[in-house]
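We did not get these values from a lab; they are worked out from the coordinates using the rules stated. None of the values given here were measured: they were computed from a predicted structure. When we count neighbours, we look across all protein chains shown, and the Cβ atoms used for this are built from the backbone with ideal geometry, even at glycine.
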Amino acid sequence: MERTLILLKPDCVQRRLTGRILARFEDKGLNIVAMKMMNVTPELAKKHYAEHVEKPFYPTLEEFITGGPIVAAILEGLEVIRVVREMLGATSGLKAAAGTIRGDFSSSRQMNLVHASDGPEAAKREIELYFKSNEICAQELTLRPWLRAGDEA
């Protein structure tokens, strides 16, 4: 079972899309094992986006991500990193396919509603930035047999 971090960004929260977007992940059969609403501090933003801090666009990115509350969550499921990224669509909402979250709800590159880890190493690092181990509520859902075959792990 794989885990990934998602951040429902300030634009998502302000537009009151949090529930609709979380429902799409749940409808897909992904399990939410941790979730909280919080404000991203400039210090946390610098850690999260460390590879971008020296780039010219970083001040705008930091201003955006610290501009309002976010909802951070850990999703769990088979191939969850790939599945979530495909559900989100292209980074720019203008280029994202209809039917994807960004294709349906975003028309911006930066204000694209949701961040998702781009690989296993990033997921591990990002989860540790946003959650303590005792905040993760792993559980086996009773409906799991109705979501995938027993030999699918």
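Of all residues being in contact with a strand residue (DSSP E or B) (Cβ under 9 Å, 6 or more places away or on another chain) and part of a helix (DSSP H, G or I) in the range 130-153, which is surrounded by the fewest Cβ atoms within 10 Å (Cβ to Cβ)? Just the residue, please. Per the stated criteria, the residue is R144.
In the set (1) crowded, with 21+ Cβ neighbours inside 10 Å; (2) out of contact with any His (no Cβ under 7 Å at 6 or more places or on another chain); (3) among the acidic types (D, E), E126 fails one condition alone, (2). Pairs under 8 Å by beta carbon, first residue within 8 Å of L5 (Cβ to Cβ) in the range 108-123, partner in a loop (DSSP other than H, G, I, E, B), six or more apart or different chains? Cβ pairs passing all conditions: H115/K9; A123/S117.
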